[in-house]
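A short worksheet on the structure shown next.
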């Protein structure tokens, strides 16, 4: 059984300390092994991600030096652009 976002979460764990030192209290968005951005809150992250990247599933992880920080997964719907003539 494939576990969604496992690759992203493993990548996050490998860079977590470094990111948390520089961006403590912010959010990181990761897809694959690419950091899509560092954000102040979920609304800012969603607006930026939807404007700059393809729709899809990304890992959103709070950056904290606290090992009890929560992981949040956000899935976007499969929206198909409509062209008007």
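The values are calculated or read from the model by the stated rules, or taken from the named source; none is laboratory data. Bear in mind that the values here come from a model prediction, so they are computed numbers and not experimental data. In this analysis, Cβ positions are derived from the backbone assuming ideal geometry, glycine residues included, and neighbour counts consider all displayed protein chains.
Tabulated data for the structure shown
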| read-out | value |
| --- | --- |
| Answer residue from the stretch 11-44, given it is at pLDDT 90 or above, in a helix (DSSP H, G or I) and surrounded by 12 or more Cβ atoms within 10 Å (Cβ to Cβ) and is nearest to the chain's Cα centre (by Cα) among those | 12 |
| Condition met for residue 74 (modelled with pLDDT under 75 and assigned to a strand (DSSP E or B)) | yes |
| Filter result (surrounded by fewer than 14 Cβ atoms within 10 Å (Cβ to Cβ) and assigned to a helix (DSSP H, G or I)) within the stretch 45-58 | 47, 50, 51, 52 |
| Which numbered condition residue 65 misses (of (1) surrounded by fewer than 12 Cβ atoms within 10 Å (Cβ to Cβ); (2) in a helix (DSSP H, G or I)) | (2) |
